[in-house]
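First up is the structure itself, then whatever we jot down about it.
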Amino acid sequence: VDNCLAARDLPAALALAEVILSVPVDAVSKTARQAAFKAKLLSLDKPEAARLVIETLTRGPQEMQQPALGQVPKLFSETEIGPLAPLLPRLPEATRVQLIAVLADYPKAAALAPVTAALKGESKPARLAALKALAKIGDAPTALLLARRAAEARGDAQAAARAALGRLPGKEIDETILFQLLASPDDALKSELIRAVGERRIAAGKGLLIN
């Protein structure tokens, strides 16, 4: 199936996919079944394919969730991604991590809220994935959230929060860091903000550090 898709021979890929998806699960490999499911998605019109993606993420089978997520950017625009966000807490851990990574490539207006919410979940891999994603889609309030997380966390979570804070783009992030450095009475938080000033090479922060 993959060879047919690579050759852009969708009819041949779909013919093979129909055979693969019709036989018992243990008769073909997981990779072959996933490729067949991808071909099926590609054969549908956009609304039908989008519905199948949501159904697969909601009900499974879990092994088909990876190819389903692979089609999300093609099927859901930033104004259409809304139905996927509520699924995050209910997804298997591995699928949740993958969806967070997909959301990180969407504009912050569409993705920031569900990714931030994932920080409150029980899954450590999902929380780490959310921290990584926030480095791309975070805003000024996210900077303070990341600094607080870095001050409170240890180990991988602290390292991920620090890395995300260091990579957040935008002058407004620098301004937020400097403002909080002056305003916060929390020594642990200030320590992380000072680290961020150095990491981000915020020139305006050098005078504050000296003083």
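Remarks
- Pairwise label distance in nanometres, Thr31 with Asp186, each label 7 Å out on the Cα-Cβ vector: 4.7
- Whether the range 54-96 is rounded, prolate or oblate, judged on the alpha carbon gyration tensor where a/c under 1.5 counts as rounded: oblate
- Within the range 1-101: Cβ-based charge dipole about Cα centre, in debye rounded to nearest 20 (Lys, Arg +1; Asp, Glu -1): 100
- The separation of the range 69-102 from the range 176-194, counted between C-alpha centres, amounts to 34 Å.
- CD proxy at 222 nm, helix term only [per DSSP H run n ≥ 4: -39500 (n - 2.57); per residue of the chain; nearest 500]: -21500 deg cm²/dmol
- Average Cα contact separation per residue, the chain, under 8 Å, 6 or more apart, as relative contact order %: 11
- Take every Cα pair under 8 Å whose residues are at least 6 apart in sequence, average their separation, divide by the length of the range 128-211, and the relative contact order is 31 percent.
- Spatially proximal lysines relative to Lys46 (Cα-Cα < 20 Å; intrachain offsets below 8 disregarded): Lys38, Lys74
- Ala6 paired with Ala117, simple spin-label distance in nm, labels 7 Å along Cα-to-beta-carbon: 4.0
- Cross-link partners of Lys132 among aspartates and glutamates (Cα-Cα below 20 Å; sequence separation of 8 or more within a chain): Glu78, Glu93, Asp105, Glu122, Glu152, Asp156, Glu172, Asp174, Glu192, Glu199
- Under the convention that each Lys and Arg Cβ holds +1 and each Asp and Glu Cβ holds -1, the size of the dipole of the chain around its Cα centre is about 420 debye.
- Distance histogram for the range 98-180 (every C-alpha pair counted, 10 angstrom bins, percent rounded to whole numbers): 20, 56, 23, 1
- Gyration tensor (alpha-carbon) shape descriptor, the range 6-84, a/c threshold 1.5: oblate
- Within straight-line cross-link reach of Lys40, aspartates and glutamates at Cα separation under 18 Å, skipping those fewer than 8 residues along the same chain: Asp2, Asp9, Glu18, Glu48, Glu55, Glu63
- Gyration tensor verdict on the range 28-72 (Cα atoms; rounded if a/c is under 1.5, prolate if a/b is larger than b/c, oblate otherwise): oblate
Quick note: the coordinates plus some simple rules give every number you see, no bench work behind them. Given the structure is predicted, the values throughout are model-derived calculations rather than measurements. Don't worry about glycine lacking a Cβ; one is built from the backbone with ideal geometry, like all the others, and counts go over all protein chains shown.
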